[in-house]
Amino acid sequence: MPAKLPKHSSCLDRRDFTAYLGSSLRRAPAADGAGVWSSHLPERALIPTPTGRHALYYFLENAPLAPGDEVLVAAYNFYIVVRILVQKGLVPVFVDVEPDTLCLDPEDLRRKIGARSRMVLVTHMFGNPANLEAIAAICREHGLLLFEDCAHAVGTRHRGKQVGQAGDGALFSFGVQKLVNSFGGGLLCLEPGLRTGFRQPPHRVSRWHSFSDTLGRFCVSLMMTPSLYGATLHPLERLVARLVDRSSRLRQLIDPARNDGAYRFRRDERAPFKPFMLATHEHQLARLEENVARRRRWAALLKRELAGVEEIGFLDEDRHGRSNFSYFGVVVDDPHRTSRVLAENGIGSSPQEYFDCAALDQFADYAADCPHARQVAAHVLRLPSYPTLEPADARRVARVLRAAVGHS
Ligand SMILES: *Cc1c(COP(=O)(O)O)cnc(C)c1O
């Protein structure tokens, strides 16, 4: 039986785990600053946050926004980001995406701007850079705030520069599903002028809750290590798949990309940013370029293996810069069926990484017709793309995929 391939791994090494274990034995002071990040984001004021969604929430708390103001946001999106906008009394206006980058389409953005538009939230989806140049120009022209969701985009470049520095703010996330993983944590990047007067809302969490929150994510990350995955998380995932309606907490930890209309952001629900996180970031950022290069090589190899298979379409990840390939998506007719065949062959994938939020029941008040978002939500299949995948894995995935889509 060949090895089980998870759909994602941050490929942590021993030092990332020991930095946490060492620190959890000490009572550490609160983190201040975000030293290792300043060389990657030199133009920004950096504020560590408990998660990526906290960074967005804190930005919205401080931004000159009033209830009823409109925020233009890509329809193909992580629903939690949209829920936070709604929770803050803002009105999401869904903009279609470019089908080949999965990112906000500047042309549709122009059409959707109205008298109450105040902000644009752009996501570098799957780690593919959005057309920041065009989007930033539109924001300047109309006096709109610009916020970048860089949860997938550490190492993603636009015009040679790390994304997250084009507008007024940006979020990064260091959760277990992300490219840089410190078992939680996030980062708010602010245009330096906005740093003065910035107020960080209070964050209260009990020591026990903080400890167990980080420990839970540590354990999941350990089980996502490719060499341990087959014996640990893989059987657990199959079990969870069966219990999924009963254990929303476990589901949220292992596979948070879904559609939960009852979700409410709670500031005090997650552990704070802890000092050991910066130590793990330092290790992981030292490997960043090498790991991005490996992901890119692997994806290129898989594309070559699949060339000429007309049942499988590709994205244009580098259209607006350099993608980090933190997620690797292909376009197929029936991603759910294809994903089941991959799973039967021990290959992890995700047939529904994100939804067309403009068509979700939970956002019915803001419904819009976004044909490209609808199409990519229905047809994009996320495949494994982590740095330790080998050429032999690409041949194996390609072979199973060809058979799964009925290519002869
Ligand atoms: C993970 C993620 C976030 C939020 O990050 P958390 O740290 O989980 O709060 C935001 N946007 C996208 C697209 C994400 O994938």
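Quick notes on this structure:
- Spin-label pair GLU61/HIS336, simplified geometry with 7 Å Cα→Cβ offset, distance in nm: 4.0
- Radius, Kirkwood style, for the stretch 1-149 when every pair of distinct Cα atoms is counted (Å): 17.9
- Just the protein heavy atoms count here, and of the accessible area of the chain at 1.4 Å, carbon and sulfur take up 51 percent.
- The shape of the stretch 190-340 can be summarised by an equivalent ellipsoid whose semi-axes, obtained from the alpha carbon gyration tensor, come to 32, 25, 18 Å from longest to shortest.
- Taking all Cα pairs closer than 8 Å and separated by 6 or more residues, the relative contact order of the chain comes to 25 percent.
- Converting phi to 3J(HN,Hα) with the Karplus coefficients 6.51, -1.76 and 1.60 and the offset θ = phi - 60°, the stretch 34-41 yields 8, x, 5, 7, 5, 6, 7, 10 Hz in sequence order, with x at every glycine or proline.
- Among the listed pairs LYS4/LYS178; LYS112/LYS274; LYS178/LYS274; LYS88/LYS178; LYS7/LYS88; LYS4/LYS274, those beyond 29 Å (Cα-Cα): LYS112/LYS274; LYS7/LYS88; LYS4/LYS274
- Against the rule of thumb 2.2 N^0.38 Å, how large the Cα Rg of the stretch 306-347 comes out: 1.37
- Overall dimensions of the chain as given by Cα atoms, namely Rg and Dmax in Å: 20.2, 63
- Surface exposure of the stretch 330-408, expressed per residue as accessible area with a 1.4 Å probe, stands at 42 Å².
- Rounded accessible area per residue of the stretch 174-248, 1.4 Å, Å²: 51
- Spherically averaged projected area in nm², based on the convex hull that wraps the Cα atoms of the stretch 152-219: 5.8
- Dipole of the stretch 208-353 [Lys/Arg +1, Asp/Glu -1 at C-beta], most positive-end residue of TYR263, MET224, LEU278: LEU278
- Taking all protein chains into account, the per residue accessible area for the stretch 23-157 stands at 33 Å² (1.4 Å probe).
- Rounded to the nearest 20 debye, dipole of the chain from Cβ charges on Lys, Arg, Asp, Glu: 1400
- Take the Cα of ARG110, step 7 Å toward its Cβ, do the same at LEU239, and the gap between the two points is 5.5 nm.
- Calculated mean residue ellipticity at 222 nm for the chain: -11000 deg cm²/dmol, from DSSP H runs with n ≥ 4 weighted as -39500 (n - 2.57), summed, divided by the residue count and rounded to 500.
- Gain on full extension, evaluated as 0.36 nm per residue between ALA231 and ASP268 minus their Cα-Cα distance, stands at 9.9 nm.
- Projecting the Cα atoms of GLY308, PHE328, ASN345 onto the dipole axis of the stretch 304-346, where Lys and Arg carry +1 and Asp and Glu carry -1 at the beta carbon, places PHE328 farthest toward the positive end.
The values are calculated or read from the model by the stated rules, or taken from the named source; none is laboratory data. The model shown is predicted, which means the values in this text are computed figures rather than measured ones. Heads up, the Cβs are rebuilt from the backbone with ideal geometry, glycines too, and the neighbour counts pull from every protein chain shown. Heads up: the accessible areas ignore ligands, DNA and RNA and are worked out on the full protein's heavy atoms, side chains in. Shrake-Rupley method; radii C 1.70, N 1.55, O 1.52, S 1.80 Å.
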